[in-house]
Amino acid sequence: MRKIVGLGLIAALFVSILSGCAAQNEGMREHQGAVIGAGTGAVGGAVVGGLLGGRRGAVAGGLLGALAGGLVGNYHDQREKSLADTRLAYAEYTPAKGTRLKIERVRTNPAEAAPGATVEIELTYAVLTPREDVMVPVRESREILFNGVKVGEAFVDIEREGGTWRSVVPITLPGNARPGNYRVVASVESHGGGKDIQEISFRVHR
């Protein structure tokens, strides 16, 4: 019976993820239900993983310490530019260099928030590929640190076409979030395409 219940739970989680990933808008796509492990009390808690449908990933992670009791929200993404338009901004890139990833901007919105508010962590990056038909497995990672200690994490494994992509992960702060500055270390990484990292911060006030 325990095995049957366990299998049923796993199936339910996958159905939830697949249902959320199926919904797409012309603008930002919201991957409802894609966050796994949020609020589990452990960073990187439960991971139901791998790529779904060949192009979608499951967001995993959680919050603890100074952000324990908060919530990692639904993942959104949008293709901002085509590969051709992206290449115009990187004159030094040539197809002979293979796949390259480059973070263009990391932003927190708002930059200052009260306990209980939601802070969106936005990541914009270029995926430079030698051809239009190349799909690149990318890991996006957002780590949150407070006083040098990791208190939150959200990462997603997803396949990207060449171009410029913007993705957003909202973090709802707990009502008792400790005031102070929180560092966000964002990275994008792909096997053979290297890794790029940028940092930003947001402040929680009383």
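At-a-glance table
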read-out	value
Residue list for segment 106-132, filter: of a type outside the set (A, V, I, L, M, F, W, C) and within 15 Å of Arg79 (Cβ to Cβ)	Glu122, Thr124, Tyr125, Thr129, Glu132
Boolean, Leu83 is in contact with a strand residue (DSSP E or B) (Cβ under 6 Å, 6 or more places away or on another chain), aliphatic (A, V, I, L, M), more than 25 Å from Val184 (Cα to Cα) and buried (at least 18 other Cβ atoms within 10 Å of the Cβ)	yes
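All of the numbers you see were taken from the coordinates with simple rules; none came from a lab. None of the values given here were measured: they were computed from a predicted structure. Neighbour counts are summed over all protein chains in view; Cβ atoms, including those assigned to glycine, are modelled from backbone coordinates with ideal geometry.
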